[in-house]
1. Could you grab the pairs with beta carbons closer than 6 Å, sequence gap of 6+ or different chains, first residue in the range 850-861 and closer than 13 Å to LEU821 by Cβ and touching a residue at least 12 places away in the same chain (Cβ under 8 Å), second one basic (Lys, Arg) and surrounded by 17 or more Cβ atoms within 10 Å (Cβ to Cβ)?
2. Working only within the range 402-421, note down all residues that are under 28 Å from ILE255 (Cβ atoms) and small (Gly, Ala, Ser).
3. Can you say whether TYR762 is of a type in the set (Phe, Trp, Tyr) and at pLDDT below 90, as far as the supplied structure shows?
4. Restricting the range 767-791 to residues that are over 30 Å from LEU677 (Cα atoms) and among the small types (Gly, Ala, Ser), which is surrounded by the most Cβ atoms within 10 Å (Cβ to Cβ)?
5. Please count how many residues of the range 325-361 are of a type in the set (A, V, I, L, M, F, W, C) and assigned to a helix (DSSP H, G or I).
6. Consider the range 256-274. How many of its residues are closer than 23 Å to LEU1032 by Cβ and buried (at least 18 other Cβ atoms within 10 Å of the Cβ)?
7. Among the residues of the range 924-948, which ones are over 21 Å from GLN908 (Cβ atoms) and of a type in the set (Val, Ile, Thr)?
8. Residues of the range 838-854 being crowded, with 17+ Cβ neighbours inside 10 Å and within 30 Å of ARG149 (Cα to Cα), which ones?
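The values are calculated or read from the model by the stated rules, or taken from the named source; none is laboratory data. Since the structure is predicted, the reported quantities are computational estimates derived from the model, not experimental observations. Note: ideal-geometry Cβ built from the backbone for every residue, glycine included; neighbour counts use all protein chains shown.
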Amino acid sequence: MRFSVERALALSCVVLSSSAAFAQSAQLSGLVRDAAHAVIPNATVSVENVDTHLRWQGETNGAGLYVVPSLEPGRYTVKVSASGFAPQQIDSVKLDVAGKVSLDVTLQAGGDSQIVTVNGGNVVMNTTDATVSTVIDSNFVNNIPLNGRSFQSLLTAVPGVALVPSSGPGVSGELTVNGQRTEGNYFTVDGVAANTGASPGTIGYGAGFGGQTPNETVLGTTQSLLSIDALQEFRATTSSYSAQYGRTPGGQFDIVSRAGTDLIHGTAYDYLRNEVLDANNTFNNRNKVGRLAERQNDFGGTVGGPIWLPHLYDGRSKSFFFFSYEGLRLRTPVAATLNGVPSASLRGDTTVNATLRSVLNAYPVPDAGTDRGNGLATYTAAYSSPSNLDSSSLRLDHSFSDRFRIFGRAAYTTSSISTRNSGNFAVLNASKGKTRLITLGATNVITPRFVNELRFNLTGNDADSAATLTNFGGATPLSLGGLPGYANPTQDSFIFNIFYDLHALTYVAPGATRQRQINVVDTLTASVGRHTLHFGFDYRRLLTSQSRPPLYEFAYVLSEAELRANTMTAIIGQKYSGAMRPTYENYSAFVQDEWKTTPRLSLSYGVRWDVNPAPHDDAGNDPFAVTSADPATLAVANKGTKLWQTRYGNVAPRFGIAYQAHQTPGHETILRLGGGLFYSLGAANASQGYGGLGSSATISTVGAAFPLTQTQVDTIPAPNIAAPYAANVYATNPKLSSPYSVQWNAAVEQGLGQSQTLKVTYVGSVGRQLYLSKQYLPYYLGNRNFSASSYLYLTTNGASADYHSLQVQFERRLSRGLQMLASYTWAHSLDDASNNLAVYTQLRGPSDFDVRNNFEMALTYEVPSGYRNAVANAVLSHWSFVSRTTARSGLPIDLIGYTTIGGGSGAQLNYHPNMVAGQPIYVQDSTVPSGRRINYNAFKAATTAAGGVTAYVEGNSGRNSVRGYDAVEQNLAVQRDFPIYHRAGILFRMEAFNLLNHAIYGSVYNNLATGATLFGTTSGTLNNQLGGLNSLYQTGGPRSLQAALKFHF
C-alpha cells in the first residue's frame, strides 16, 4: 500500500471523530474516606490545571475510588466534596509525564461552607506499581548544562543508563539501559512513536529500517524529536514497566511537548561558542596543531498562550498555542587523527599500474619520516566540520468541554553536515536530513468512570548523503568517471581498501533514504470498584525506500606485494535493479489492572501481546528467504516466501506490588517489587537482503588487476537467483523466534521531608534468543547452491545476556532554591554477543557496554533574594549556580591476537591472544598521550602446530578482557536574571563543559597486528569516538565555554 496524502487525510478525519488513546498523560486516583476510614461513594472530585484552568469533574464509585486518567503534566488544584462533609481543597498537586499519583482524601464532618485547604506540593512517590523511572521537568532542563542542547545529556542522568560507542544515527543506538542492547530503546513524543531513524549507508543496513533507533538530525542531536525549549518534561522508564509499554525491552523514553497557557509567555535566545574561549584538544597539542575554528550560533525563540483574536475569538481557558524555533550554525573542530596512507615510495614506483597510482595519490600525502616499510605511512591532520540545523514546532490545544479535548502538533526540521571520511580525509562526505511530522490527539471523558484517549501520527524522515574526492592534504582527486563502467559517478559506489596494518580506506557511497510512519495508539480506562483497568492497542506502519548504486566496485589487498604487482586480493563488482521499499507493520494490544487492595497495598498486573510480521516490500520486490538455517544445505526459497514465520505467541505478562510501609507525610516508606517479560521487535537485520541475491548480481575476481575492465563490468549479469548464486545472500532463520528479556526489580523509596526522596533499587534481567549475524562461505561447507565467492550472512537466535545492578538515587525537588538529582549505579553485564549487526567471535564475557560504576549528579542552586540593603539586593539577587558531574568506569576493550578468514566457513574470525605469564597488563609510558598503555609484551597470538603447519587459534585472554579509560567530567553554569518588568527579564548565562579540562581518552589500538609502537595506545579522545552525537557535544572533549543571552516574558 502506498503512503498517500489522501489516506493521511482520511485517517486524520477518523482520528478527530473518534474518542481517544493512551499517551504520556498523567493519572490521578485515590480513595475518599471519612474520619472512621469508611469509603464515601458518589463524592464529587474536581481537578483543575493551575496554568490553563482546564477542569475535569467526576465522582467516586461505590468503592470510594476516583480515577482521572488523562491529565496533561502540570500543577493542579484538587477539590473533593460530599454531602454532610466539609469540602477539602488540595493545592499545588504536581503531576508528571506518564505519572500515576495516588492521592487519598479524608473528609471531616461539617457543612459546605467550611473549606479545608491542604498544601499538596510534597514530592510525589509512586504507590501504584513497581515501575522504575525518573522524571526530569522543564525547570531542571532549563537550568542544568546541556552540551549541545540535546536529550543525550538528560538521559544519562537516569540510573542504569549509559552512553556508549555508536555506529551512527540510524545504524545502532547510543544508549544502553540496564544491560539491554542499544537498539532496544523506544522513544515517544506526545504519545506516538519517534523511532524513525533510518539513514543512508550500506544497503538495508542498520536498525533504523525496522524502527529500532530514534529520529535524530545528521548531527546526531534530537531537535528532530523536539527542541529543548519546546519540552514540557520527559520520563525515562527503565525496568518492569506496565503492559501498556514494551514494543522493545530497553528504556521507554516518554517526551511531552509544551502547550500554551492562559498567559502569553515566550523566550528569545542565543548560545555562542568560539575557539578563543576553549582549550585545545590534547592530540592537537601533541601534534603541534593549534586550536581549530569553532563557531557556534544556536539561536531561536518560543511563544505560547491563549488563542485570542480581538472582536473575533476569545480562546482563554479553552484554546492555546505554543510555537518554537531553533536554528544552529556550527563549525566543529575535529582533533588531529592518525591515518594510514600509501607511502611515498609506493606512490613513486613507476612500475605500479598508472590507474592504481591515481587511486593511491587520492590519499593525503604522508607525513615526513613515517614510512612503515610495508607500503604504508601515516598522515595526521585536523579540520573543522561545518553544519546547520533549523527546527520549528507548533502545538495547538482546544477544550470543547470538560469531557472532550483535542490537540495537534506539527514540526519541521532540516539539518546538514560535512565531514571527512575517517579512512581517507580527502573524501568529503555531505549529509542532509529532513523531518516532517504531524501528531493529533483527543481525550474523551465518556462518563466519569470511562475515559478514552487517542493519538495519531504521520512522520516523514528523509536523508541524503554524497561524497566528493578533494585535494585535502595534498591528495590528487580521483575522477570516478574515468574508471570503466562508471557512467553515473554521482550515484555509483567505489571502495578501495588497503586491508592490512593501519588500513587505508577510500569509501565513496552516495545514497538516500525516505522513511514514512503511520502510528495509531488508543487506550480506554475504566474504574470498577477498587480496580483501574486499561485496555489499548498500538499500530505502526513504517515504510522506507533507499537508493542503490547502478554500479558498485570494491577492491582490497592484504599485502604490499599485491599492491606493487597490481594483483588485488579480490575485486568485487555489483549491479543493482528494482525498487526498495521495505514495509514493517507492528501490532500491539494490552490489558492492565491497577488494584488498590487496601489503602497501603496496590497490585498492578497485565499482559501485552505483540505481533511483528516479517517486512514486505510495498512494490512487491521482497528479498528472498531461505529454506533452513543450515549453511551447508540451505537454498533460497520461492519468491514471496516470508523471511520468517509470523510469531503470534508473543504474550508478555507483567506484575508489580507497591506497599506503603509508612504513610506519614514527608516520611513515607514505599516498598516495590515487580517483574515481567519483554519482547523485542526483532527486525534489526531484516532489510539487508536488498543488497543481495535477487536485487543484485556480483562478479568476484581473485588476483586480478585493478580496475575492472569494461568487459568485466559488462559480464556482471542481471540480478537472478540461479544457482550457483551470483550474489551474496542475506538471510534469517525461517523459524526465527523473537528475542526476549525477563526483567525484575526490588526497590525501597524513603521520603526525606516534603521535597526529597532516596531510592535504592536492585534491577536484574536475562536476555534470551537474542539475534546474532554471522558470515559464511557455504561453498566450502559443501553447499553447491553457492559459488566459491558468494557469502551467506545469516541471522539466527543464538545469543544470551545477563545483567545485575544496584542503583541508588537521591532526588530533591526545587525547595529553598536547591534542586538535585544524583544517582550511582553498580552493574555487571555479561553476554556472548553485544549487537545484532555482525558477530565475528561468539564468546561469553563482559558486554561491550559493561559499565561497572556510573555516578551522575545534577544540582542547581538559586541564591536567595530580597536583601534589606538595596546595594546587596541589587548585586546578589537573581544568581544561580548549576553543576553537572559525570564519572564512570572504563568500557571493555576486546584484544585481538589475529584476524583471518575461516577456511571452512569463510567468516571473518577474530582470535583472542594468549596472556603472557609474569607480564603486567598495563604499563606506564610517558611517550604516549595518556601516560599509560596496554602492555604489548603481556599478550601473544595463540597458535597451534600440526603436521608441520602452524595455525592461529583462540587464546586464553578471553573476550573484552581489559578495560579502557574512565570518563570523569565536571560541567558548570553560572547565570543571572535581570528582571525588567513583571514576568519579563533578560538572563545571562556562562557554561563550562569539562571545566577542569580533564583529558578523557577513547578507543585503543587493540590488534596485535598494529605492532608494539601503537598497540595498547589510545587513538583519540572519547568525544571523537563515541559516534552518533556531534563530537563537540559529546563527553570527553576539551574544555569548552558557552555564553548565552535569553529574553523571557
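1. Listed by first residue and then by second, the contacts come to ALA858/ARG884.
2. Within the range 402-421, GLY408, ALA410, ALA411, SER415, SER416 qualify.
3. No; evaluated as a whole, the condition is false for this residue.
4. By that ranking, first place goes to SER790.
5. 6
6. Here the count works out to 3.
7. THR927, VAL928, ILE934
8. SER847, ASP848, PHE849, ASP850, VAL851, ARG852, ASN854
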